[in-house]
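The values are calculated or read from the model by the stated rules, or taken from the named source; none is laboratory data. For clarity, every value in this text was computed on a predicted model and none was experimentally measured. As a convention, Cβ positions derive from the backbone with ideal geometry for all residues, glycine included, and neighbour counts pool all protein chains shown.
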Amino acid sequence: MADHAKKPAIKLEGLVKRYGSGSSAVEALKGVDMEVYPGEVVGLLGPSGSGKTTLLQCLGAVIDPTAGRITLGGDVTFDDEWKISDLRELRRDRIGFIFQAPYLIPFLDATENVSLLPMLAGKPNSEATARAMDLLKVLDVAHRAGARISELSGGEAQRVAIARALANNPPIILADEPTAPLDSQRSLTVMRMLNELAAQYRTAIIVVTHDDNIIPTFKRLYRIREGKAHEEAGEGRPFS
Amino acid sequence: MINLAYRDIANGFGRYMLTSLGLGLLIGVTLTMAGVYRGMVDDARALINGSATDIWVVQRHTLGPYAESSTLHDDAWRGIVGLPGVAETGNVAYLTMQVKHREKDVRVMIAGFESGKPGEPMRLVAGRPVTRSHYEAVADVKTGFQVGDRVRIRRHEYTVVGLTSRMVSSGGDPMLFITLKDAQEVQFLKDNDAIVGDRERLAANPQFNRPGVPGLLSAVEADRFSNHNVNAILVRVASGTDARLVADTILRWKHLQAYTRTDMEQILVAKLIATSAKQIGLFLVILTVVSTAIVALTVYTMTMSKIKEIAVLKLIGAKNRVIVAMILQQALGLGVIGFVIGKTVATFWAPIFPKYVLLEMSDAGRAFVITMVICTLASILAIRAALKVSPATAIGGG
Ligand SMILES: Nc1ncnc2c1ncn2[C@@H]1O[C@H](COP(=O)(O)OP(=O)(O)OP(=O)(O)O)[C@@H](O)[C@H]1O
Ligand SMILES: [Mg+2]
């Protein structure tokens, strides 16, 4: 189980998200409590439509929750009606997103898609490009560095997207089915990488997945049922 | 920082350049329209300055000789030449008509002048001045005539002996200078058939053709079929004399209208060209509106076609300033490329126009500033749409 003596990187208290209003309203999250600690890779499971993506989007300040409280790295970023003012800076500096689809920018090449993030954070071009090249190498797509996005395979694009999520070394990474477009070998490689990253940089990582291939690697996971998150222990199978 | 505007353009370069070309042609047309107006004003100035004249004396209550018709008797100059401050006078006659050159009709303004007097064409670019008293002509180069060419004006053949430039009537017709005597004849003598007809009618009239008074018919003929009218008297004042004072004296004592150079410019530019200027002005306004609409539409479409990428940029933390800069740079880029194309095509096609097109640097400068303002205003719509899009739309949410 988690090391409760330390301060959580992510803390959710009674998080509620309601889509729409009146009779057509959908309450996707009905009071989620969750804690993720630095250096942890936590799985988030649940049937389709249970609210996994909704939860990540609330966490990542992409959509506003309806009620509850979010604390990231000790800072409250959302509390019922209130939210911090600079959401973009929060996303840029503190959160790495890996979505279900890569969402790369088609008019930039692979390297630029990654180096754009450090540049947006004010890093000099050379440093940003070097960082991007390093990450592409680690993710085994360095040979596609100058390629147009439209010329990448689904797996290559997803790995570029993962590199982008890591580019600013964020303390939190939110991954929504990151391994869906990858084969089982690459899926495990990505999971190992995320685990190494968590260990090395004390990154807190949440991975939403349906992938039976990688579920056993989690030491701890949450399962969403009826709009609430239920904590479970995982197998924590080591990477060979 | 990567230049997002440029990278996006590079991705759809052909379309962007095509739009720039379209805008450029519009800007070219706009510059040319302005040039047409400038050309008209400049033609008017050249016409006024090209005759070494300080005062135009014309028929009372008219704006002659260019803006309205004016008729004076050709001895009216005698009353003027004696006035203090007057150095020289010259009678002139103007008429616009078609002349025949190499079997083709050419529309010209014929100017009759007295040799060595104000009204004589000054800047000869080829050939020599008119030296004989009959049937020699100096033509503006815009007529297309060459030295030595034969030109038919009504019943007579004229030889082009010299060429001048920038002598164009306010209607845009190039001028053809002949002696006053020739011009008077051309102006008042009709074609052969008409003259024969008139003579026969006169001879058949028993009142004039009286056997008892042998000289009467020829005296009446001489009066009817010759002409002692001119359209204006051009006056050159002695150096050091105020043309205004001399003009006022003529106005007061001679029952004639007298215009100074400033008055004449005023008449040509403010009165004669005024309607054309308004016409051109309206055109410029329409072209500006059309250009704005085109830029706005283009920038808006360009922005909407990458609204998803803009949402992604927001999602990964790009500030509004990055997004606004991208859109604005693309809009201004359109303007700059369009302006360069417009200026280039205008410079290339201006000489082809039949009328003088004067492209002024200051107009180009003004057009550039207006283009930049237009591009900025035109991108407001796109920028608003871009700033409104939620980062959640990038991942399919709202
Ligand atoms: N923008 C939205 N507007 C209205 N309802 C939405 C919106 N997004 C999601 N929902 C609803 O909220 C619920 C949770 O959706 P969510 O996408 O979070 O599920 P999920 O667990 O990610 O599913 P999957 O495993 O299929 O990705 C669903 O009932 C969905 O229909
Ligand atoms: Mg989902």
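B:V138 meets all of the listed conditions (1) out of contact with any Ser or Thr (no Cβ under 9 Å at 6 or more places or on another chain); (2) closer than 20 Å to B:Y66 by Cβ; (3) of a type outside the set (D, E) but one, namely (1).
Condition (residue is surrounded by 18 or more Cβ atoms within 10 Å (Cβ to Cβ), not in a helix (DSSP H, G or I) and not aromatic (F, W, Y)) applied to the stretch A:116-128: is it met by at least one residue? Yes, the conditions are met somewhere in the stretch A:116-128.
Picking from residues in the stretch A:51-81 that are surrounded by fewer than 19 Cβ atoms within 10 Å (Cβ to Cβ) and among the small types (G, A, S), the one that is farthest from the chain's Cα centre (by Cα) is A:A67. Which residues, counting only those in the stretch A:150-198, are of a type in the set (G, A, S) and closer than 24 Å to B:N11 by Cβ? A:S150, A:S153, A:G154, A:G155, A:A157, A:A161, A:A163, A:A165, A:A167 - these are the residues of the stretch A:150-198 that are of a type in the set (G, A, S) and closer than 24 Å to B:N11 by Cβ. In the stretch A:189-208, the residues that are among the acidic types (D, E) form no Cβ pair under 7 Å with any partner that is within 16 Å of ligand 1 (Cβ to nearest atom), whether six or more places apart or across chains.
Restricting B:D198, B:D223, B:D182 to residues that are over 24 Å from B:F353 (Cα atoms), in contact (Cβ under 8 Å) with a residue 24 or more places away in the chain and more than 38 Å from the chain's Cα centre (by Cα) narrows the list to B:D198.
Is it the case that some residue within the stretch A:119-128 is farther than 21 Å from B:A394 by Cα, without any contact (Cβ under 8 Å) to a residue 40 or more places away in the chain and touching a helix residue (DSSP H, G or I) at 6+ places or on another chain (Cβ under 6 Å)? So far as the stretch A:119-128 goes, yes, one or more of its residues are farther than 21 Å from B:A394 by Cα, without any contact (Cβ under 8 Å) to a residue 40 or more places away in the chain and touching a helix residue (DSSP H, G or I) at 6+ places or on another chain (Cβ under 6 Å). The one condition from (1) over 23 Å from A:L197 (Cβ atoms); (2) within 16 Å of ligand 1 (Cβ to nearest atom) that A:I105 does not meet is (2). Just one residue in the set B:A367, B:A325, B:A382 is within 14 Å of chain A (Cβ to nearest Cβ) and assigned to a helix (DSSP H, G or I); that residue is B:A325.
In the stretch B:3-25, the residues that are part of a helix (DSSP H, G or I) reach residues that are among the hydroxyl-bearing types (S, T, Y) with C-beta atoms within less than 6 angstrom, at least six apart or across chains, in these pairs: B:I9/B:Y16; B:T19/B:T298.
Residues that are within 14 Å of chain A (Cβ to nearest Cβ), free of Cβ contacts under 8 Å to residues at least 40 places away in the same chain and at positive phi occur in the stretch B:300-321; there is at least one. Apart from one condition, A:L116 fits all of (1) facing chain B (nearest Cβ under 9 Å); (2) over 25 Å from A:A199 (Cα atoms); (3) under 16 Å from the mean Cα position of the chain (by Cα); the exception is (3).
Selection of the stretch A:134-157 for residues being surrounded by 15 or more Cβ atoms within 10 Å (Cβ to Cβ), modelled with pLDDT of 90 or more and part of a helix (DSSP H, G or I) yields A:D134, A:L135, A:L136, A:A142, A:R144, A:I149, A:E156, A:A157.
One residue stands out in the stretch A:42-64 among those that are within 17 Å of A:I172 (Cα to Cα) and away from every other protein chain (no Cβ under 14 Å): the one that is farthest from ligand 1 (Cβ to nearest atom), namely A:V42.
Residues considered: B:G112, B:G119, B:G82. Of these, the only one that is out of contact with any Cys (no Cβ under 7 Å at 6 or more places or on another chain), more than 30 Å from B:A364 (Cα to Cα) and without any contact (Cβ under 8 Å) to a residue 24 or more places away in the chain is B:G82. The set of residues from the stretch B:43-69 being hydrophobic (A, V, I, L, M, F, W, C) and more than 23 Å from B:V81 (Cβ to Cβ) comprises B:A44, B:A46, B:L47, B:L63, B:A67.
Does the stretch A:65-74 include one or more residues that are within 14 Å of chain B (Cβ to nearest Cβ), touching a helix residue (DSSP H, G or I) at 6+ places or on another chain (Cβ under 9 Å) and away from ligand 2 (no atom under 16 Å from the Cβ)? Walk me through it before giving the result.
Step one: list which residues in the stretch A:65-74 are within 14 Å of chain B (Cβ to nearest Cβ), which gives A:65.
If we keep only those that are touching a helix residue (DSSP H, G or I) at 6+ places or on another chain (Cβ under 9 Å) as well, we get A:65.
In the following step, the residues that additionally are away from ligand 2 (no atom under 16 Å from the Cβ) were identified as A:65.
Checked the stretch A:65-74: at least one residue is within 14 Å of chain B (Cβ to nearest Cβ), touching a helix residue (DSSP H, G or I) at 6+ places or on another chain (Cβ under 9 Å) and away from ligand 2 (no atom under 16 Å from the Cβ).
The conditions of being outside the structural domain of B:L21 (by TED's automatic domain parsing), under 30 Å from B:M33 (Cβ atoms) and under 31 Å from the mean Cα position of the chain (by Cα) are met by B:Q266.
Looking across the stretch A:94-105, the residues that are at the interface with chain B (Cβ under 7 Å from one of its Cβ atoms) and more than 13 Å from the chain's Cα centre (by Cα) come down to A:Y103, A:I105. Counting the residues of the stretch A:2-57 that are part of a helix (DSSP H, G or I) and within 16 Å of ligand 2 (Cβ to nearest atom) gives 6.
Would you tally the residues in the stretch B:64-82 being in contact with a Ser or Thr (Cβ under 6 Å, 6 or more places away or on another chain) and aliphatic (A, V, I, L, M)?
So the count comes out to 2.
Condition first: modelled with pLDDT of 90 or more and not acidic (D, E). Now tell me which residues in the stretch B:232-242 satisfy that.
B:A232, B:I233, B:L234, B:V235, B:R236, B:V237, B:A238
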